[in-house]
Amino acid sequence: QVQLVESGGGFVQAGGSLRLSCAASGLTFSASAMAWFRQAPGKEREFVAGISWSGGNTHIADSVKGRFTISRDNARNTVYLQMTSLKPGDTAVYYCAANTNFGKLVRGEVEDWGQGTQVTVSS
């Protein structure tokens, strides 16, 4: 059974930083593309950032480009989302996601979801 467990969310002031982590189990992590999505209240879930199985390819949404970075550690079965210069508009539940196909994942075709972690940015 695939488990994706997010951590690192919390409350931060605008301009601050947070690093989210997603620990994966029950899948061949080194063969899985991974991504982060987010969902703000009253809005649809949206893609934030994705990374290929090797880490060689990444794709970042325009809304967070230059502020967020995605990375992975295949030895630890963990994917990270480093968030800097946070804005109130970044407030959302952040979800970890997996798909063996990187292209499908960044288009929103997700095979496995985590439970999410709340990020709240105050002005």
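The values are calculated or read from the model by the stated rules, or taken from the named source; none is laboratory data. Source: prediction; values computed, not measured. Cβ placement follows ideal geometry from the backbone for every residue including glycine, while neighbour counts extend to all protein chains displayed. Heads up: the accessible areas ignore ligands, DNA and RNA and are worked out on the full protein's heavy atoms, side chains in. Shrake-Rupley method; radii C 1.70, N 1.55, O 1.52, S 1.80 Å.
Computed 3J(HN,Hα) for region 10-19, one whole-Hz value per residue from the Karplus formula 6.51 cos²θ - 1.76 cosθ + 1.60 where θ = phi - 60°, is x, 10, 9, 7, 3, x, x, 10, 8, 10, glycine and proline marked x. Among G26, G16, G50, the residue with the largest mean-square fluctuation in a Gaussian network model of the chain, with springs joining Cα atoms closer than 10 Å, is G26. Evaluated with a Cβ-only charge set (Lys, Arg +1; Asp, Glu -1), region 52-123 carries a dipole of roughly 180 debye about its Cα centre, given to the nearest 20.
Residue-wise HN-Hα couplings along region 97-110, as the Karplus relation 6.51 cos²θ - 1.76 cosθ + 1.60 with θ = phi - 60° gives them from phi, are 9, 9, 7, 5, 10, 4, x, 5, 4, 6, 8, x, 8, 10 Hz; Gly and Pro carry x.
If you bin all the Cα-Cα distances of the chain at 10 Å, starting from zero, the percentages per bin are 15, 51, 29, 5, 0.
Here the accessible area is traced with a 1.4 Å probe on the protein chains. For the chain, carbon and sulfur cover 44 percent of it.
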